[in-house]
Amino acid sequence: MLTIAAGTLPAAVVWLTKYVVDTLAAGAPADALVRPTAGLVLVGLLVAVEPHVSGYLRGELTRRISRRLELDLYSAVNGFSGLSRFESPRFLDQLRMATRTTGGSIAPATIGLFDIVRSLVTAVSLLLTLAAISPVMAGILLLAAVPAVVAEFRLTRSATGTMFSLTPENRRQLFYNSLMTDLSAASELRLFGLGRFLGRRLAGTIDRIHAGERRIDRRTATVQGGLALLGATISAAGLAWIVGSAATGRLSLGDLAAFIAAVAGTQSALAGLVTGFAAAHRALVMFGYHRSVLGLPDDLPEPSTPVPLPALRQGIELRDVWFRYDDDLPWVLEGVTLTITAGEALALVGLNGAGKSTLIKLLCRFYDPTMGSIHWDGVDLRDVRVTDVRRRLGVLFQDYMSYDLTAAENIGLGDLDRLDDRPGIEAAARSAGVDATVRSLGRGYETMLSRLFLAEETDGRTDGGTSLSGGQWQRLAIARTLMRRDRDLLILDEPSAGLDAESEHQLHQSLRAFRAGRTSLLVSHRLGTLRDADRIVVLSGGRITETGTHDELMSAEQSYARLFTLQASGYGDARVADPPAGSTTG
Ligand SMILES: Nc1ncnc2c1ncn2[C@@H]1O[C@H](COP(=O)(O)OP(=O)(O)OP(=O)(O)O)[C@@H](O)[C@H]1O
C-alpha cells in the first residue's frame, strides 16, 4: 500500500505545480494559492520521509525471505542421505548459485519487486498526466520503453549465464581464501612457504572472475548508455516542441511546467520499471538454481514401502559387492562376499587404497553398491530407511571431526538424545582414555575446545578456548563413538593411528572388553592390535584374499603373515609384536 501511495506522489507534485503556476499566471488572489501550496508542502514532506520508511520495510522483508530461503536450502542439502552429491562439481556449482540467492541476490530481487509496483504506479499516473497535455509525447515515451525492456532481459540472461560459468572459479576463490584462514593449513603454508605461490593462484582466479564480470559490465554500460541517449533525445525534442507551443500561446505556462516535470518523471519511472523488471528477472533466474537444488531427489532413493530394521540377530552379509565412485572411475571393490556374524569381532586388514574405508562407507549406506547387495539379517539395505540403518551403527571414521564446541558436547554429539547425560559422557571418555585429559582442562568438560571462538559467544563467559593434541582429539572422537556403544554394529577405522604406545595399549584393552560378545569391525594397520579378533579378513585390490584367525593366517604364510612379520621385525624384537599367551598387549 505504501509503495502504491508513494508511486502517485510525483503525479501529485506535477498536478499541484501546474495548478499553482496557472493560478499565479491568471493573477488570482493570494488566498487561492494557500491550499495548493499547503498540498505541495505536504507532498514534499511525504516524498522526504517515504524512502526511509520503505527502506526499513524492504530490509525487514529481505531478512525474512533470506532466512526462509537459507533454511530451506540447508534442510534440502541436509536431506541428501548419501555423499555422492558432495563429490559432484556440477552439483557444487549449482549449490553455490543457490547460496547466492539466499545471500546477496535476494535483496535486489525484493527491492526490484517494490520498484516495479512503485514505478508502474508512477509511470501510469504521469503518463496519464502527460497524455492530457500531449498524447503523442506520452505514446513516444511508452514506445521508447519497449526496446529497453527487451535489452534488459537479454542482458540479465547473459549476465546470469556468465555468472554460472564463473562458479567453478568462485569456488576456487573460496578454497584459496579458506586456506588463508584455516588453522590446520597455516603450518604447512608457512613451513613450505606456500603463501606467495597460492597468492598468485588466487590472483589468477580473481583476474578470471573479474574478466567475466568486466564483460558483463561493458555490455551493460553500452546497452544502458544507448538507451539513455535515446531517452534524452526524445525529451529534448519534446522540450523544443512544448516551448514552441507555449510561446505561440497554444499551451499555458502551467502546461509547460507540468510537461517538463512529467517527462522527466515518466522517463525516470519507466527506467525504474525496466530496472525493476530486470532485477526481478535476474532474481527469478537465480531462484531457479535454488529451486533446482530443492527439487533434486535424494541421491539414495528411499524404498516406497520401507522394511523395519530389527536388532541384528544373524549378521550382515555382503553379496558379491562391486563398487566404483563414478562410472568413469576404476572399480574399488571387485566382488566382495563377506558375512559379519552377529556377536563377532571382525578385523579388516589391507594396504593403503585396498578399499577398507570404502567398504565401511557402504555399510553406513553413504553409497549403494554399484553391483551386488548388502543384507542385514537377510534384508537388503536398499529396502530399509537410511536413518534406520544409521541408528543401529556406531562408527569412528578415519577422518573424524573435531568440533569447535565444548569437550562435553564433542563427546555428547555421538548420541544427541544424551547430549546432557554427563555421567554417560564421562563413562565414554573413561573408556576412550580421555577423561583425565578433559578434567585437567580449565573448565573440565565445559571447556571450549576452540581457538576460533570465544566461549562468551555461546554462554556469556569471557574466557578464550583451548585446543587438544592430535591424539587427544582422536580419543575424544573415540569417546563420541562410544556414546553409541549400545548399537548393533560398532565400526572403528584406525582408532589408534595417532595414539602413543601407552594410550594405544589402554585403548585396545578397553575396546577388547567392550567388543566381547558384540558385533564389531575394526580396521587397523597395526596388526598387533588385531590379533585377538575372532576373524581377520584381508582385502587386496578390492577383493578378499584371506580370511581366518591370526594363527590360521600366520600358518597360511600369505600376505598377512608377511605383513605381520615385517611389522614385528620393525621393532627389532619379535616379542613386542608377538607376546606370550596371556599377555594383555593387543
Ligand atoms: N570419494 C572418492 N572418490 C573417488 N575415489 C575414491 C574416493 N574415496 C576413495 N577413493 C579411491 O578408492 C580407493 C580405496 O580407497 P579407501 O579409502 O577405501 O582405501 P583404504 O583401504 O581405506 O586405504 P587406507 O588404508 O589408505 O585408509 C582408492 O584408490 C581411492 O583413490
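The values are calculated or read from the model by the stated rules, or taken from the named source; none is laboratory data. What you see is a predicted model; the values in this text were computed from it and never measured. Positions of Cβ are backbone-derived with ideal geometry, glycine not excepted, and every protein chain shown enters the neighbour counts. Quick note on the areas: whole protein, heavy atoms, side chains included, nothing else; ligands and nucleic acids left out. Shrake-Rupley method; radii C 1.70, N 1.55, O 1.52, S 1.80 Å.
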**Request:** Residues being assigned to a loop (DSSP other than H, G, I, E, B) and open to solvent by less than 40 Å² (accessible area, probe 1.4 Å): count how many of those fall in the range 161-210.
**Result:** 1
**Item:** Residue that is closer than 30 Å to residue 365 by Cβ and of a type in the set (Val, Ile, Thr), where the choices are 53, 77
**Value:** 77
**Prompt:** Which ones in the range 348-370 are more than 6 Å from the ligand (Cβ to nearest atom) and open to solvent by 10 Å² or more (accessible area, probe 1.4 Å)?
**Reply:** 351, 361, 366, 367, 368, 369, 370
**Prompt:** How many residues are open to solvent by 40 Å² or more (accessible area, probe 1.4 Å) and over 25 Å from the mean Cα position of the chain (by Cα) when one looks only at the range 401-425?
**Reply:** 7
**Complete:** For the range 211-250 the number of residues that are open to solvent by 50 Å² or more (accessible area, probe 1.4 Å) and hydroxyl-bearing (Ser, Thr, Tyr) is 3
**Message:** Of everything in the range 323-347, what is open to solvent by 30 Å² or more (accessible area, probe 1.4 Å) and within 13 Å of the ligand (Cβ to nearest atom)? Give them in sequence order.
**Reply:** 324, 325, 326, 327, 328, 329, 330, 331, 332, 334
**Prompt:** Which residues, taken from the range 429-445, are under 16 Å from residue 511 (Cβ atoms) and in contact (Cβ under 8 Å) with a residue 12 or more places away in the chain?
**Reply:** 429, 431, 432, 433, 434
**Request:** State whether one or more residues within the range 98-112 are of a type outside the set (Asp, Glu), in a helix (DSSP H, G or I), open to solvent by less than 30 Å² (accessible area, probe 1.4 Å) and modelled with pLDDT of 85 or more.
**Result:** yes
**Prompt:** Which ones in the range 473-498 are away from the ligand (no atom under 16 Å from the Cβ) and not in a helix (DSSP H, G or I)?
**Reply:** 483, 484, 485, 486, 487, 488, 489, 490
**Complete:** When restricted to 66, 54, the only residue within 30 Å of residue 299 (Cβ to Cβ), assigned to a helix (DSSP H, G or I), open to solvent by less than 70 Å² (accessible area, probe 1.4 Å) and not β-branched (Val, Ile, Thr) is 66
**Complete:** Across (1) out of contact with any Asp or Glu (no Cβ under 7 Å at 6 or more places or on another chain); (2) not in a helix (DSSP H, G or I), residue 82 clears everything bar (1)
**Selection from the range 371-386 of residues that are part of a helix (DSSP H, G or I) and either open to solvent by 30 Å² or more (accessible area, probe 1.4 Å) or of a type in the set (Ser, Thr, Tyr) (or both)** = 382, 383
**Request:** With respect to residue 285, determine if the residue is more than 16 Å from the ligand (Cβ to nearest atom) and touching a residue at least 24 places away in the same chain (Cβ under 8 Å).
**Result:** yes
**Message:** For the range 519-553, which positions are more than 16 Å from the ligand (Cβ to nearest atom), under 22 Å from residue 314 (Cα atoms) and in contact with an Asp or Glu (Cβ under 7 Å, 6 or more places away or on another chain)?
**Reply:** 519, 534, 535
